[in-house]
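Remarks on the structure that follows.
The values are calculated or read from the model by the stated rules, or taken from the named source; none is laboratory data. As the structure is a computational prediction, the values presented were derived from the model and not from experiment. Glycine also receives a Cβ, built like all others from the backbone with ideal geometry; neighbour counts cover every protein chain displayed.
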Amino acid sequence: MNERDPNEQIGITLGKPRAVSRLAEKTRTLVVVPDVVMRRRGPADPSDLLAVRSMEARVAEAVGLARAIDLEIVGQHPVRITNPRPATLLGEGKVEEIRLAIEEGEVTLVVVDHALTPIQQRNLEKAWNAKVVDRTGLILEIFGARARTREGSLQVELAHLNYQKSRLVRSWTHLERQRGGFGFLGGPGETQIEADRRLLQERIAKIEGDLDKVRQTRDLHRRNRKKVPHPVVALVGYTNAGKSTLFNRLTEADVLAKDLLFATLDPTLRRIKLPHGAEIILSDTVGFISNLPTHLVAAFRATLEEVIEADVILHVRDISHEDTEAQSEDVAEVLRLLEVEIGETGRMIEVWNKIDVIDPDRRERLLEAASAATPPAGGADASKVTAPIPVSALTGEGMDALLAAIEERLVGDHPVYDLKLDPSDGEGFAWLHRNAEVLDRGEAVEGGIPMRVRVSLRHQPQFIARFKATERTA
């Protein structure tokens with residue numbers, strides 16, 4: 001077979017790194033899903049996510065990833081592996097079996113839904129006479145296709161270059177040629193592979209510098225928002241859990257919301273009002289996925305800082321998915337990589353989305369489970385624990401309960417005041433309804449109309465100055 005141009009993968013043209021390469025649309029593709037079963041001396045670890053995921057769901061996710069960039073799927077090939085081979089991951093028999101399927105289907109691209117070493121990738125390409133992309137490479141391709149802003153493009157390129165840096169040394173051994181040098185000018189010169197590695201590192205350093213500037217700009221914007229403090233509520237969740245649909249429902253925005261993995265990449269922020277008038281900033285973020293490479297999380301840290309700094313985090317779950325529990329664990333793992341303490345229950349509200357597509361019996365059980373949810377014993381402040389909120393972002397069901405839960409989380413610990421307001425003070429009534437939460441209003445008595453209000457920290461100075469005859473209550 002003809003050797004693939006190594007520069008196509010490492011992104012180097014005439015000595016300069018270029019933009020991340022893209023897989024061609026409608027490429028005839030075979031999806032291989034290895035099920036690596038490690039031999040254990042003892043019983044299986046119940047926390048092993050691969051053990052609890054069904055093969056059908058893993059195949060569906062792998063196919064969904066491939067279709068996210070319009071690859072033409074001509075076949076799916078689950079493979080059980082009990083003894084991973086260092087050279088090819090798969091055994092010789094399976095490699096040959098898949099080679100025949102590739103020839104029969106005229107396949108030019110094989111997606112292996114597993115991390116491959118550079119050697120494994122190269123050996124499989126030789127054996128199959130087709131381009132091979134592993135799970136990390138495919139996710140990078142999707143991210144590259146989804147990036148719409150300069151920041152998103154920089155983050156994708158940084159992740160891609162870090163991914164390729166380790167592969168440069170091991171994969172492209174034929175690059176180890178000496179550049180010519182004149183003896184009296186200092187020896188034979190650097191090898192081609194060293195030069196390419198240096199170019200990659202220089203480009204990585206430049207992108208990291210550009211992203212530092214992005215981070216500084218975000219910090220400036222965040223400080224400006226805190227001067228007129230609007231709490232930030234961030235949406236997180238497994239990819240395709242319905243975050244963008246929920247974001248559109250709450251904000252009446254038109255963010256791309258499709259039944260595609262990683263439909264959203266660049267962050268979007270919108271300001272919305274809660275039921276009693278408080279304003280918040282809602283942030284939509286990139287979806288998480290199982291086995292998300294750590295260097296990819298690191299590259300997108302600038303974007304995900306909205307999650308790190310958020311006052312409230314909405315963990316949106318596709319409760320209709322058969323692997324919803326495993327997906328929830330994957331999200332928790334990424335949050336741990338971001339150093340977000342998931343035990344901080346004061347920040348987290350779990351949102352059970354897509355209740356409109358589950359069967360009535362399971363729906364009823366879920367609603368009962370949500371209403372019966374109790375705070376965990378010990379550790380967390382029970383007053384800060386919110387039961388899961390069942391919703392349908394598509395139909396709007398549960399939105400009132402979700403907004404009420406967000407509002408309670410944000411203002412539940414704000415001080416409550418009792419006051420009596422002159423019935424003729426229409427401006428005062430309007431101010432309270434506009435800037436505070438009116439908890440109770442009684443009948444007019446001597447001295448005015450008794451009211452109980454909850455006031456945010458932002459409006460307390462104005463409130464105290466305007467309503468001087470107030471008394472704070474316990």
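Data overview
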{"read-out": "Filter pass, residue 323 being surrounded by 21 or more Cβ atoms within 10 Å (Cβ to Cβ), of a type in the set (D, E, K, R) and modelled with pLDDT of 85 or more", "value": "yes"}
{"read-out": "Residues of region 89-113 classified as buried (at least 21 other Cβ atoms within 10 Å of the Cβ) and within 27 Å of residue 289 (Cα to Cα), total", "value": "9"}
{"read-out": "Criterion violated by residue 409 - all others in (1) modelled with pLDDT of 85 or more; (2) in a helix (DSSP H, G or I) satisfied", "value": "(1)"}
{"read-out": "Which numbered condition residue 213 fails, given (1) surrounded by fewer than 17 Cβ atoms within 10 Å (Cβ to Cβ); (2) at pLDDT 75 or above; (3) in a loop (DSSP other than H, G, I, E, B)", "value": "(3)"}
{"read-out": "Condition met for residue 330 (modelled with pLDDT of 90 or more, in the same structural domain as residue 284 (by TED's automatic domain parsing) and in a helix (DSSP H, G or I))", "value": "no"}
{"read-out": "Region 120-150: number of residues that are in contact with a Leu (Cβ under 8 Å, 6 or more places away or on another chain), farther than 22 Å from residue 294 by Cα and not in a helix (DSSP H, G or I)", "value": "3"}
{"read-out": "Test: residue 254 is surrounded by fewer than 20 Cβ atoms within 10 Å (Cβ to Cβ), within 14 Å of residue 353 (Cβ to Cβ) and modelled with pLDDT under 70", "value": "no"}
{"read-out": "Selection count, region 426-454, where residues are within 27 Å of residue 280 (Cα to Cα), surrounded by 11 or more Cβ atoms within 10 Å (Cβ to Cβ) and not basic (Lys, Arg)", "value": "12"}
